[in-house]
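Participant: Have a look at this one.
Each reported figure results from applying straightforward, stated rules to the coordinates on display, with no laboratory input. Model, not experiment: these values are computed from the prediction. Backbone-built Cβ (ideal geometry, glycine too); neighbour counts: all protein chains shown.
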Amino acid sequence: MNSDAGPEKQRQRAPSQRSLETRARILDAAERLFAERGFDGTSMRDIAVEAQVQVGLVSHHAGNKAALFHVVVARRADELSGRRLDALAARKAEGNLDLAAVMACFLRPYLELARTGGAQWMAYARLVAYVSADTRWRSLAMVCFDPTAQQFVDEISALYPRVSKRRVSAGFTYSVAALLAQVTSGWRIEALGGDGPRLRTPDDTVLLSFCVAGMEAAMG
C-alpha cells in the first residue's frame, strides 16, 4: 500500500485555489456586513447571500458566527501591525525620535491602506471601531491590537518619563479614535466644511497635528 495516500498525507494536502477564493469571498462578505450591521445584526445566511455561496460553505470555511467574526477581525491585524512596527523600527534607526514621529508611524500605515487597499480596508476601520466600543470583544482586542498598541505607548512613555502611563494611554486611545473617525467619517467633514478646500484624503496632516497637539496638552 502506498503510504503517501494515507490519512496523514491527506490532511496535509493544500486547499485548492477555488477553495481559497471561496474562503476569501466569504471573509470579505462577512467583513462588509459585520462593519455595516454589527455582530448581532448579521446572520450566517446574510453572509452566504452576500458571498453568493451556500450557507453550509460559510460554516465549512469558518465554523460558527463567533469564530467567523474572530477570523475576520484578525486577518488584517497582522498586516497592519507589521507595517506599523516596520515604520517604527525604521524611524528609530534614523534617530531623533519624537512624539510626532511615533504617531506618524502608527497613523500613516493605515491611512495608506485605506487609500490604496480598496473598500475592504475602509470596512475594516468601521469593524475596528465596533470592536473597540464593545467590551464583549475585549479578549479579541487584546490579541489583535493591544500588543502593537502597547509598543507605541511604551515608546511615548519613554519620551515622557514623568507622565503616568495611564495618561499616555488615554491620549493614545483618543488618537486611535480620531484615526477611525478620519477613515469612516470623512463625509461629515465635507458636510460641515461647506465650500472650502477639501482635506487631503486619507493622508491628512490635520489628523497627525490634531493627535500630537492633543497628546502633548493631555500630558502637560
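Participant: Anyone know which of Gln120, Gln151, Gln17 comes out most mobile in the 10 Å Cα GNM of the chain?
Facilitator: Of Gln120, Gln151, Gln17, the most mobile in the Gaussian network model is Gln17.
Participant: So what's the Cα pair-distance distribution over the stretch 107-217, bin width 10 Å, in %?
Facilitator: Reading the bins upward from 0: 13, 40, 35, 11, 1.
Participant: So, one more: Which helices count as membrane-span-like in the chain under these terms: full DSSP H, at least 15 Å along the axis by C-alpha, Kyte-Doolittle mean of -0.5 or more?
Facilitator: Working: long enough: 17-37 (30 Å, -0.74); 65-94 (45 Å, -0.12); 99-116 (26 Å, 0.98); 119-133 (22 Å, 0.72); 146-159 (20 Å, -0.12); 165-184 (28 Å, 0.46); 205-218 (19 Å, 1.66).
Those that pass (Cα extent of 15 Å or more, hydropathy at least -0.5) are 65-94, 99-116, 119-133, 146-159, 165-184, 205-218.
Participant: In a Gaussian network model over the chain where Cα atoms closer than 10 Å are linked, find which of Arg75, Arg32, Arg84 has the largest mean-square fluctuation.
Facilitator: Among Arg75, Arg32, Arg84, the largest mean-square fluctuation in the Gaussian network model of the chain belongs to Arg75.
Participant: OK, next. Please build a GNM for the chain, connecting alpha carbons under 10 Å apart, and tell me which residue among Asp204, Asp46, Asp134 fluctuates the most.
Facilitator: Greatest mean-square fluctuation among the candidates belongs to Asp134.
Participant: Once the Cβ-Cβ distance between Ala170 and Ala67 is put in as r, and R0 is 41 Å, what FRET efficiency do you end up with, to the nearest 0.05?
Facilitator: Working: r = 33 Å, r/R0 = 0.80.
So, using R0 = 41 Å, E works out to roughly 0.80.
Participant: Counting just the Cα atoms, what span does the chain cover along each of its three principal axes? Round to the nearest Å and put the largest first.
Facilitator: Principal-axis extents of the chain (Cα, largest first): 72, 46, 31 Å.
Participant: Moving to a separate point now. With just the Cα atoms defining each centre, how far is the stretch 148-191 from the stretch 51-84? Give it in Å.
Facilitator: Computed from Cα coordinates, the inter-centre distance equals 27 Å.
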